[in-house]
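The values are calculated or read from the model by the stated rules, or taken from the named source; none is laboratory data. Keep in mind it's a predicted model, so treat the numbers as computed, not measured. FYI the Cβ positions are ideal-geometry reconstructions off the backbone, even for glycines, and counts take in every protein chain you see.
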Amino acid sequence: MSRYLRTLYCGLICSLVCGGGSSAIAHAQTTTKRGEDIITSDELRKTTLLENWPSYNGDYTGRRYSSLKEVTPRNAAQLQAQWVFHSRNAGILEATPLVVDGIMYMTGSNDAYALDATTGKVLWHHARPVTQGLIDDASGHINRGVAILGTRLYMETDNAHLLCLDARSGNLLWDVGYAPGNKNYGATSAPLVVKDKVIVGTSGGDDGVRGFVAAFDATTGKEAWRFWTIPAPGEPGSETWPKGTAYQHGGGTTWMPGTYDPELNTIYWGTSNPSPDFDGSVRAGDNLYTNCVLALDPDTGKLKWHFQFTPHDLNDYDATETPVLVNDVYKGKPRKLIIEANRNGFVYVFDRETGEFLSATQFALMQNWAKGIDTKGRPIRTDLMPSENGTRMCPSYAGGTNWYSPTYSEATHLFYFMSLEDCSVFKAHTEDFEEGHAYYSTGAAHLATEHDKKYLNAYDMATGKFLWRYAQTGDAHSFAGAMSTATGLVAFGNDADEFEVVDGSSGTSLWHFNVGQQIHASPMSYAVDGKQYFAIAAGNDLFTFALPHPDGKTRSVPVVPRTH
């Protein structure tokens, strides 16, 4: 029997033998290899994604590029909904599911699910109550997914605990709280597994916490290292903060997963804005390591290099957007690159071995906070800043782009990402930090007289130009990302409550499906028995799509309720 079927059918036995708080469904039980890994560390290093989508971004590069070729520009218009999974969790779904050997792993709030990836049938469900008394982002109980290694799943909870679950049954193996000392901490990310470690971050950058990236032993849950993104007095970078205790509430959180280069043995992790958000008078200096991409040794947590996109940020321009790893010829020379569309309205290219800044190109059409980027990558600021009475600045506090995933296509050699054209009125007033309350000092608001707009962008890194921009129709409130395929397709959640597929070379729309609700997640693709599927979450539902049967018959769409 295949590893897929052995894994599919072992949930019930594991539940009965191991006990625990998960419900498990199994149709049959056959002889299983209880110790066999579902996925190994070596398999996670693969950059060719076919049947499996084993991590949040698909593979370590963050490209969200699938090598599957069944769906093409010629047949994409035939895509049909296959099944819909409904979740009644407290927070809307922002997760990207994982699929390994025909089993899908999905999260909603603090709950985890294993689903049959061909039907949506629930195989097990690990339930955990949401945490009461959280503030700001954490109070939304958002979770963006799991990581997997061996026979174990790892997920962060809304109150910054790292859970280890048995992937075959959903039973809890261990639970580690990793953000003690300030109840303003939360967590919204998916973890990243690198070798024998599980790497996590935290949310709360708007709430006066001190950010960090931390690694835990994948077997025991013991902490291996912790890199504080706000240096303590005397540490490198502390000179970019005022003397005193400001560093203890400096923000710089790490609320999205990073990427990893096994050859360089380096992880790349983005950090958020400094805290308080809009009042820079209490935190004079560049405020390292906020608004940075950090290059860290995954074995020790030691900093190799950093780049700060927005020194002394005053506009909530987090740098938690995915640092995408690309190997390509750049200006006539083969290089290991990072490309990142940043919230501040510029798309950047770096050498990821050295951290050398190579280029920055403005993509935000409405941009007035900076005159440009100098030759070292530092922004040349205008004299605009948040004020007591309010200052109109662009991009808005939602950013020129945000956490929704970009994609880089090997088929077209283009970088695709969603962008937002919008401005905000930024206000600042000095306020004291208070645990249990947000720490914005004070806020930002959208102008009712202005109409924001979203675009899907195709950027050519070789020329520094945009090949095309696809204007969206909608209210610009979607937070949906994109992915690409080996047949030159780009699949994404558009701004009209639709899952859409376009031709990556031209931006021509090929197919769309209205999901009836805003999409706040990024898509993925997988295959079972040679059949390619797409999946994306919207609202409290997870939708899957595939081509029809070869005989042309239309499939019915199973609606799979949450089980209890």
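Got at least one residue in the stretch 412-419 being assigned to a loop (DSSP other than H, G, I, E, B) and not aliphatic (A, V, I, L, M)? The answer is yes, given that some residue of the stretch 412-419 is assigned to a loop (DSSP other than H, G, I, E, B) and not aliphatic (A, V, I, L, M).
Table: residues versus (1) assigned to a loop (DSSP other than H, G, I, E, B); (2) under 20 Å from Gln80 (Cα atoms); (3) without any contact (Cβ under 8 Å) to a residue 60 or more places away in the chain; (4) acidic (Asp, Glu).
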site: Trp468; (1), (2), (3), (4): no, no, yes, no
site: Thr487; (1), (2), (3), (4): yes, yes, no, no
site: Phe492; (1), (2), (3), (4): no, yes, no, no
site: Ala496; (1), (2), (3), (4): yes, yes, yes, no
site: Gly507; (1), (2), (3), (4): yes, no, yes, no
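None of Asp158, Asp217, Asp136 is surrounded by fewer than 24 Cβ atoms within 10 Å (Cβ to Cβ) and either among the hydroxyl-bearing types (Ser, Thr, Tyr) or touching a strand residue (DSSP E or B) at 6+ places or on another chain (Cβ under 7 Å) (or both) except Asp217.
Within the stretch 232-261, the residues that satisfy the criterion of being surrounded by fewer than 20 Cβ atoms within 10 Å (Cβ to Cβ), part of a loop (DSSP other than H, G, I, E, B) and either in contact with a Gly (Cβ under 8 Å, 6 or more places away or on another chain) or among the polar types (S, T, N, Q) (or both) are Pro242, Thr245.
Only one entry of Ala438, Ala364 meets the criterion of being touching a residue at least 60 places away in the same chain (Cβ under 8 Å) and assigned to a loop (DSSP other than H, G, I, E, B), and that entry is Ala438.
Screening the stretch 118-224 for strands (runs of 3 or more DSSP E) wholly inside it with 3 or more residues that are of a type in the set (A, V, I, L, M) returns the ranges 147-149, 161-166, 172-177, 192-194, 197-200, 212-217.
Evaluating Ala284 against the criteria (1) crowded, with 18+ Cβ neighbours inside 10 Å; (2) touching a Pro at 6+ places or on another chain (Cβ under 7 Å) leaves one unmet condition, (1). Residues that are in contact (Cβ under 8 Å) with a residue 60 or more places away in the chain, in contact with a Leu (Cβ under 8 Å, 6 or more places away or on another chain) and of a type outside the set (Asp, Glu): does the stretch 276-284 have at least one? Within the stretch 276-284 (the criterion being in contact (Cβ under 8 Å) with a residue 60 or more places away in the chain, in contact with a Leu (Cβ under 8 Å, 6 or more places away or on another chain) and of a type outside the set (Asp, Glu)), the answer is yes, since at least one residue qualifies.
This table checks each residue for (1) closer than 24 Å to Gly204 by Cα; (2) surrounded by fewer than 18 Cβ atoms within 10 Å (Cβ to Cβ); (3) of a type in the set (Asp, Glu); (4) without any contact (Cβ under 8 Å) to a residue 60 or more places away in the chain.
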site: Asp316; (1), (2), (3), (4): yes, no, yes, no
site: Glu321; (1), (2), (3), (4): yes, no, yes, no
site: Val326; (1), (2), (3), (4): no, no, no, no
site: Ile338; (1), (2), (3), (4): no, no, no, no
site: Asn342; (1), (2), (3), (4): yes, no, no, yes
site: Glu356; (1), (2), (3), (4): no, yes, yes, yes
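Looking at the stretch 1-116, the strands (runs of 3 or more DSSP E) lying wholly inside it that each contain 3 or more residues that are at pLDDT 50 or above and more than 22 Å from the chain's Cα centre (by Cα) sit at 80-86.
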